[in-house]
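This report concerns only the one structure given below.
The numbers here are math on the coordinates, done by the rules we state, and not lab data. This structure is a prediction, so every number in the text was calculated from the model and none was measured. Every residue, glycine among them, receives a Cβ derived from its backbone with ideal geometry; neighbour counts consider all protein chains shown.
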Amino acid sequence: MAKLTLVQAINQALDHEMTRDERVVILGEDVGPNGGVFRVTDGLAAKHGNHRVQNTPLDESGIIGAAIGLAVAGMRPIAELQFEGFMGPAYDQIVNHAARYRNRTRGTITVPLTIRVPVGGGIHAPELHSDSPEAIYTHSPGLKVVMPCTPYDAKGLLLSAIRDPDPVIFFEPKRVYRSFREEVPEEDYTIPIGEAKVISDGDDLTVVTWGASVFECLEAIDNLPDDVSIELIDLRTIDPIDIDCIAQSVQKTGRCVVVHEAPRTAGLGAEISALVQEHCFLHLEAPVQRVTGFDTVMPYYKLELEYLPDAERIGKGIAECLAY
Amino acid sequence: MPRETIYEAKIEYLQILDEDGNLDKKLAKGSLSDEQVLELYEQMWIYRQFDEIAFKLQRSGRMGTYPQNKGQEANAAGSALAMVRGTDWVVPSYRENLAMHMHGMPYHHILMHWMGDERGNMIPDGVKMLPLSVPIGTHMLHAAGIGWAMKIRGEEAAAITYFGDGATSEGDFHGAMNFASVMQAPVIFFCQNNHWAISVPTDQQMNSQTVAQKALAYDMPTIRVDGNDIFAVYLAVKEARERAVSGGGPSFIEGLTYRLGDHTTADDARRYRDADEVEAWAEKDPLIRTRKYLVSKDLWDDEKQELLGERATKIVGEIVKAAEGVREPATAEFFDSMFAELPRDLAEQRDSMRTSSIGINPGQVGLSAQPERV
């Protein structure tokens, strides 16, 4: 079995689905012969044709709006937006059109659309190339929001996303794009949207996270004394959230720390805290802790590592929660 | 070194039937047959009754806010007839109800929509249409995408999308025009220039002499037509469709017309426009000139008009009855069509009709296992 990076696994999934289903088309800025700014679509235009891996005008709203048209007319578009910082212009198309067509036509118009977006900080990128807006789209009804952080999960979840009859935002943590390789089967497999994954079992405390933060959490856990046992959950899908997985774990451990890159206030940590107290109130030994980005603008790269929750801050959060 | 003109363009204006009902026979070549004129006249006339009754429904508290289409029927009717029902897609705004009807959207659905019921947006089987779009100027991108899909599949079909003059100020208008142009998608952009975007007149909306010229930037064939002239509208759309289905890409049509009513029933246009202006445009009403033409050709008389009136009253009465007689929507309906398959959390919200937490996990606090429906 080949060992692939996250970028290669996503590329393989796209290639696989384009071969399997002729309705699948990719559209976005530079996705054609150039293979996209992160080379995720590398080689796909040469193999499947420029008309199926279509370079578009530089217009995020246009990309999503046109993709909605493709989707309602029976295609299976996969739209790439180059960076999460440029989702703003497409917000109206995503939230007011893609997310609503099924509901407002009572199921007679549907939008099977996948929107791929590199997300998050930590790669020394230009301004507005490092945000984490997943909570915004989770708060918007009618969308599914996915953020895998391993090559294996990325392929399986992307195939699920493309085959999903509803719009899915597929966030790709860019810090993980080429950070490691793992074995990815060449054959067809899917990972259901909505299922979290327990990465490591533990009894003392539950850490809930997703995206690149998973690896910071792993490091933080690694730095803890050997007699501390932490259960680490990678949500993989943010919306719909796998509350069963979280609740089962916290009912066992009694303590929970949520880690994400996005700002704290009204972020997903708040939502997960609320869910945990609803589902695990009598099991809780400590308040749910949030270790997150600050409620500031995402700093430019000289200070981005100060902003992002790292192993040290996560470790402190875990230690405080354990000591409560 | 050259310094010379490298691009020049002209905008055509087309009028075939003037406001007195006079037809330019030469220009009318390839446009409507007598039979089609009769059909469109009847459609427009019935629509006008529908529009009046819809207005009254709102005034009498039987319907919510409604945007009248009065005065703009020729744009809707002429363009709808030039497209192929069930083959071409229609991507409307909200002032072309007649075009939606002619392409298969039942009238009572349109009333249901403005009565606050999403079931009015349900697209019947075999009808190729998106629901009317309330946000201004953002839906034309969907037509660009639909046209692009048609092109990918090699279909002999086109998409038509409608919008107002105000919508052409939106960024997505230009995005849609650019996308369709770059992809050479079979899309017809139909601008209903009715002179007013709520209270803002066209000359405050743009500093362009015509709306049609905006298409020049996208190298798109473009024309301004008298939008109260069914012959001109039909011919322009027919030519645009022929171009679209034979690989000629998108076209732009500006149908010059006038919003005879208020923006919506929540608006009072007397606050911002002169009665004289409205009066002048009322004389250019598409229904009046079409009738004059039919009478001049001995195709219409008072007796026929009376019969049409009776028929329209009956038809509109049945439409209202159908809209008001539809069963009340079930509460669950606003949940059920959120996704193809409802996520569990949403299913729980639907079944319990609550979002408060105690009782969600009843095992914890000894409450009944089944949350009570409130």
Long-range HN-HN contacts of A:Ile199 with modeled amide H, under 5 Å: A:Leu232, A:Ile233, A:Asp234
Test item: Cα-centred dipole of chain A, Lys/Arg +1 and Asp/Glu -1 on Cβ, debye: 1080 debye
Rounded tilt (10° steps) of A:213-223 against the dominant C-alpha axis of chain A: 30 degrees
In degrees, nearest ten, helix A:311-323 long axis to first principal axis of chain A (Cα): 40 degrees
Chain B: most fluctuating residue of B:Gln204, B:Gln15, B:Gln72 per GNM, C-alpha cutoff 10 Å: B:Gln204
Percentage relative contact order, the range A:197-323, counting C-alpha pairs under 8 Å, at least six apart: 30 percent
Farthest toward positive dipole pole in the protein assembly as shown [+1 Lys/Arg, -1 Asp/Glu at C-beta], among B:Pro131, B:His195, B:Ile16: B:Ile16
The range B:69-111 versus the range A:277-324: alpha-carbon centroid distance in Å: 55 Å
Given charges at beta-carbon only (K, R positive; D, E negative), |dipole| of the range B:186-280 in Debye: 360 debye
Sequence of B:Ile110, A:Ile123 once ranked by neighbouring C-beta atoms within 10 Å, starting from the fewest: A:Ile123, B:Ile110
Relative contact order of chain B, defined on C-alpha pairs under 8 angstrom at six or more residues apart (%): 22 percent
Estimated FRET transfer efficiency when R0 is 45 angstrom, pair B:Glu52-A:Glu22 (beta carbons, to 0.05): 0.35
Charge dipole magnitude, Cβ of K and R +1, D and E -1 - the protein assembly as shown, Cα centre, debye nearest 20: 1160 debye
Taking chain A and dividing mean pair separation by its residue count, relative contact order in percent (alpha carbons under 8 Å, at least six apart): 16 percent
Whichever aspartates and glutamates have a C-alpha closer than 20 Å to that of B:Lys214, once near sequence neighbours (fewer than 8 apart) are set aside: A:Asp59, B:Glu8, B:Glu12, B:Asp165, B:Glu170, B:Asp172, B:Asp203, B:Asp226, B:Glu239, B:Glu254
Computed lengthening from B:Glu155 to B:Asn207, 0.36 nm per intervening residue step minus Cα-Cα distance: 14.9 nm
In sequence order, calculated HN-Hα J values of the range B:234-239 (Karplus, 6.51, -1.76, 1.60; Hz; x Gly/Pro): 4, 5, 5, 6, 4, 5
Qualifying lysines (Cα of each under 22 Å from Cα of B:Lys314; at least 8 residues distant if same chain): B:Lys56, B:Lys70, B:Lys304
GNM result for chain B, Cα springs below 10 Å: residue of B:Pro250, B:Pro329, B:Pro186 fluctuating most strongly: B:Pro329
The range B:1-87: chymotrypsin sites (Phe, Trp or Tyr not before Pro) in DSSP coil with no more than 10 other Cβ atoms inside 10 Å: B:Tyr7
Angle in degrees between helix B:302-325 and the longest Cα principal axis of chain B, rounded to the nearest 10: 20 degrees
Charge-dipole axis of the range A:197-323 as Lys and Arg at +1 and Asp and Glu at -1 on Cβ define it, positive-most pick from A:Ala274, A:His260, A:Leu284: A:Ala274
Two-site FRET efficiency, B:Asp24 against B:Glu283, from Cβ-Cβ distance with R₀ of 22 Å, rounded to 0.05: 0.70
For chain B, built as a Gaussian network whose Cα springs stay under 10 Å, the top-fluctuating residue of B:Gly154, B:Gly164, B:Gly175: B:Gly154
